[in-house]
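The values are calculated or read from the model by the stated rules, or taken from the named source; none is laboratory data. Note that the structure is predicted; figures quoted are calculated from it, not measured. Neighbour counts run over all protein chains shown; Cβ positions are idealised from the backbone, glycine included. Areas reflect the complete protein model, heavy atoms only, side chains present, ligands, DNA and RNA absent. Shrake-Rupley method; radii C 1.70, N 1.55, O 1.52, S 1.80 Å.
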Amino acid sequence: MTDNDQARRNIDIVTTAMRELFVEKDLTALDRYWAEPYVQHSPQLPDGLDTLRAAVPGLEGFSWEPQRVAAQGDLVFTHSLVHGWGPVPR
């Protein structure tokens with residue numbers, strides 16, 4: 001497998017994971033694609049997969065649209081449009 005093939009495969013995995021979790025709201029995607037320690041980059045949420053498990057079902061009006069996705073080595077970078085990411089009800 002070439003480096004380009006691996007990069008394409010990694011991009012496919014990341015975009016599938018994000019779509020399954022944030023568009024389809026399939027919480028089992030967390031078991032397939034995420035692992036602890038999960039670092040949350042939104043200042044509105046604490047770190048950890050349990051936070052995502054609790055937050056995702058309540059994301060009414062939330063949308064995720066990938067705009068640019070690139071891979072280098074085993075890192076994948078996404079630039080996405082996100083709407084409806086407000087304070088999460090507790």
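Given the condition part of a loop (DSSP other than H, G, I, E, B) and closer than 21 Å to ILE13 by Cβ, answer yes or no: does some residue in the stretch 60-78 qualify? Within the stretch 60-78, one or more residues are part of a loop (DSSP other than H, G, I, E, B) and closer than 21 Å to ILE13 by Cβ. Residues in the stretch 54-69 that are surrounded by fewer than 12 Cβ atoms within 10 Å (Cβ to Cβ) and in contact (Cβ under 8 Å) with a residue 24 or more places away in the chain: PRO57, GLY58, GLU60.
A quick yes/no check of all residues on (1) open to solvent by less than 80 Å² (accessible area, probe 1.4 Å); (2) farther than 30 Å from THR2 by Cβ; (3) out of contact with any Leu (no Cβ under 7 Å at 6 or more places or on another chain):
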| residue | (1), (2), (3) |
| --- | --- |
| LEU21 | yes, no, no |
| TYR33 | no, no, yes |
| TYR38 | yes, yes, no |
| LEU45 | yes, yes, yes |
| LEU75 | no, no, yes |
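Whenever a residue of the stretch 29-41 is under 18 Å from THR78 (Cα atoms), its partners that are modelled with pLDDT of 95 or more and in a loop (DSSP other than H, G, I, E, B), lying with C-beta atoms within less than 7 angstrom and at least six residues away or across chains, give the pairs TYR38/ASP47; TYR38/GLY48; VAL39/ASP47; GLN40/ASP47. Scanning for something at negative phi, among the aliphatic types (A, V, I, L, M), over 12 Å from the mean Cα position of the chain (by Cα) and part of a helix (DSSP H, G or I), does the stretch 35-57 turn up at least one residue? Looking through the stretch 35-57, at least one residue is at negative phi, among the aliphatic types (A, V, I, L, M), over 12 Å from the mean Cα position of the chain (by Cα) and part of a helix (DSSP H, G or I).
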